[in-house]
Amino acid sequence: MEIITMVKGEIAEKDVQDFEAVYALLKENTVPEGLISSYLLKDMIESNLYTVETVWANPDTLKKIMEDESVSSDVSLFEQFDVEPTVEVYEVRDNYPQFEE
């Protein structure tokens, strides 16, 4: 079953453009094995609250990444902007297919 991580933090207004640009640069790095997708989310109510949501293939993949790296790239992203993010980890228990045209 897939695992979803959510790394959240509040980015100062003056840093928003740079923060988004640095996230975009992450896509140029080698994608870790087992990473299915990653999304940069901006809160619609609290405009300075950002979340990086990442979907992992399985718990073992995420455990391996956590053991291999001292700080994950999503946590490091926030830390570059002097933000100590919160980290949430979820196990996907069920889902349904995405919309297709």
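Each Lys or Arg adds one and each Asp or Glu takes one away; over the other residues whose Cβ falls under 11 Å from the Cβ of Glu84, this sums to -2.
The residues packed around Tyr50, meaning those with a beta-carbon under 9 Å from its beta-carbon, carry a net charge of -1 if Lys and Arg are +1 and Asp and Glu are -1. Return one number: the angle in degrees, 0 to 90 and rounded to the nearest 10, between the long axis of the Cα atoms of helix 16-26 and the longest principal axis of the Cα atoms of the chain. Approximately 40 degrees, to the nearest 10. Seen against the Cα atoms of the chain and their longest principal axis, helix 59-68 is set at about 50 degrees.
With the convex hull drawn over the C-alpha atoms of the chain, the volume per residue is 131 Å³. For the chain, the dipole from Cβ point charges (+1 on Lys and Arg, -1 on Asp and Glu) about the Cα centre works out to 100 debye, to the nearest 20. Anisotropy class assigned to segment 3-59 is oblate, per the alpha carbon gyration tensor with a/c at or over the 1.5 cut-off and a/b no larger than b/c.
The numbers here are math on the coordinates, done by the rules we state, and not lab data. In this text the structure is predicted, and so the values were computed from the model without any measurement. Cβ atoms come from the backbone with ideal geometry, glycine included; neighbour counts cover every protein chain shown.
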